[in-house]
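Report on the following structure.
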Amino acid sequence: WVLTATAQTPTNIAVIKYWGKRDETLILPVNDSISVTLDPSHLCTTTTVAVSPTFQQDRMWLNGKEVSLSGVRYQNCLREIRGRAGDLEDKEKGIKIEKKDWEKLHVHVSSYNNFPTAAGLASSAAGFACLVFALAKLMNVKEDHSKLSAIARQGSGSACRSLFGGFVKWVMGKEEDGNDSLAVQLVDEKHWDDLVIIIAVVSSRQKETSSTTGMRESVETSLLLKHRAEEIVPKRILQMEEAIKNRDFASFAQLTCADSNQFHAVCLDTSPPIFYMNDTSHRIISCVEKWNRTEGSPQVAYTFDAGPNAVLIARDRKTATQLLQRLLFHFPPKPDTDLNSYVIGDKSI
Ligand code: DP6
């Protein structure tokens, strides 16, 4: 017999960034972070997990290609889920699995991204969140989403925020074992559904410094990171929660842009400095800043992760259309140039 479970998890974009760990193995951050989860029909991962007594070892395929599950991050997630597995009975198939049996059973995992991995948008966040959620479903784990988020966190920090829709806070926690470092939903996806997110794919090249390596180097060398984590982010988190609660776009945009810029300033303050944004990223920032200034109040917020692609958040659909027109005018997409496509909802140009 074979039993399967499938899950679908969208990626999330941080508006107050996670950058820096206080514990590398458990993946515990130096500050709280806040993100918005994309609509599940857009950038997302779909994962099917299967279990059968005939499977000889744990195996995984990503977009149809076999990948190794031996890494510590995968192993930690598998161990945590197996440790919480419940009894399972499928009378139709005549299957009965007891808690203790899960330790001996192997799983096969098949995971697909609904966006080209080469687009530079591939994110470990959706991947690990989806893996943990699908495994929990298969193994009848009776934990709530926040508890599961603490497991996904051990796969990739940002993954813990993808277990919820809407706006999500990853609470850094204080405990040494990391049990209180988990995600909570601030508001669901209906709370602020005017917002439209456009991703300008500035470069599809693989980033030179991974987030994991980059943040390790920043923790070791940047004095600005320490100041940011201790003095800036705690206040910013409260202000951002307030802005989201009140759907106050002006404050939301100001905080989002300031936090992205500070995160990239920390990267520059790292030794040797890390450059994630390129000239096109900088030109997009100038274009948005200029537009927001001419309008007298913010229309669009920008945020950049560990790469040059711009995530642009428009206050409503009308603004998003205007934004796209401006982007197409100033940055016409041409194959093999620095700016080659835009992803808006389910449409790519
Ligand atoms: C810039 O979650 O990819 O996107 O925990 O080492 O896997 P690891 O790092 P990761 O870092 C994401 C960093 C970021 C900001 C964010 O998403 O908050």
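Residues that are away from the ligand (no atom under 16 Å from the Cβ) and either within 16 Å of residue 140 (Cβ to Cβ) or in contact (Cβ under 8 Å) with a residue 24 or more places away in the chain (or both): does region 15-28 have at least one?
No, that holds for no residue.
Would you tally the residues in region 29-51 being touching a Ser or Thr at 6+ places or on another chain (Cβ under 9 Å) and near the ligand (Cβ under 10 Å from one of its atoms)?
3
Yes or no, residue by residue, for (1) farther than 21 Å from residue 27 by Cβ; (2) within 11 Å of the ligand (Cβ to nearest atom); (3) among the aromatic types (Phe, Trp, Tyr):
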position: 158; (1), (2), (3): no, yes, no
position: 161; (1), (2), (3): no, yes, no
position: 164; (1), (2), (3): no, no, yes
position: 170; (1), (2), (3): no, yes, yes
position: 173; (1), (2), (3): no, no, no
position: 180; (1), (2), (3): no, no, no
position: 183; (1), (2), (3): no, no, no
position: 190; (1), (2), (3): yes, no, no
position: 195; (1), (2), (3): yes, no, no
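How many of the residues making up region 278-314 are surrounded by fewer than 20 Cβ atoms within 10 Å (Cβ to Cβ), at negative phi and free of Cβ contacts under 8 Å to residues at least 40 places away in the same chain?
Of the residues in region 278-314, 10 are surrounded by fewer than 20 Cβ atoms within 10 Å (Cβ to Cβ), at negative phi and free of Cβ contacts under 8 Å to residues at least 40 places away in the same chain.
Given the conditions (1) under 30 Å from residue 223 (Cα atoms); (2) touching a strand residue (DSSP E or B) at 6+ places or on another chain (Cβ under 9 Å), and given that residue 39 satisfies all but one, which numbered condition is not satisfied?
With respect to (1) under 30 Å from residue 223 (Cα atoms); (2) touching a strand residue (DSSP E or B) at 6+ places or on another chain (Cβ under 9 Å), residue 39 is out only on (1).
Does any residue in region 68-79 that is farther than 15 Å from residue 157 by Cβ come within less than 6 Å, Cβ to Cβ, of a residue that is outside any helix (DSSP H, G or I) six or more places away or on a different chain, and which pairs are these?
Final answer for the pair search is 69/58; 69/60.
Here are some residues: 215, 240. Which one is within 16 Å of the ligand (Cβ to nearest atom) and closer than 22 Å to residue 185 by Cβ?
Just a single option satisfies the conditions, and that option is 240.
Only one of these is over 30 Å from residue 241 (Cβ atoms) and assigned to a strand (DSSP E or B): 46, 9. Name it.
Just one listed residue meets the conditions, 46.
Just so you know, all these numbers are worked out from the coordinates, no wet-lab data involved. The structure displayed is predicted, hence computed values, not measured ones. Ideal geometry is used to build each Cβ from the backbone, glycine not excepted, and the neighbour counts take in all protein chains shown.
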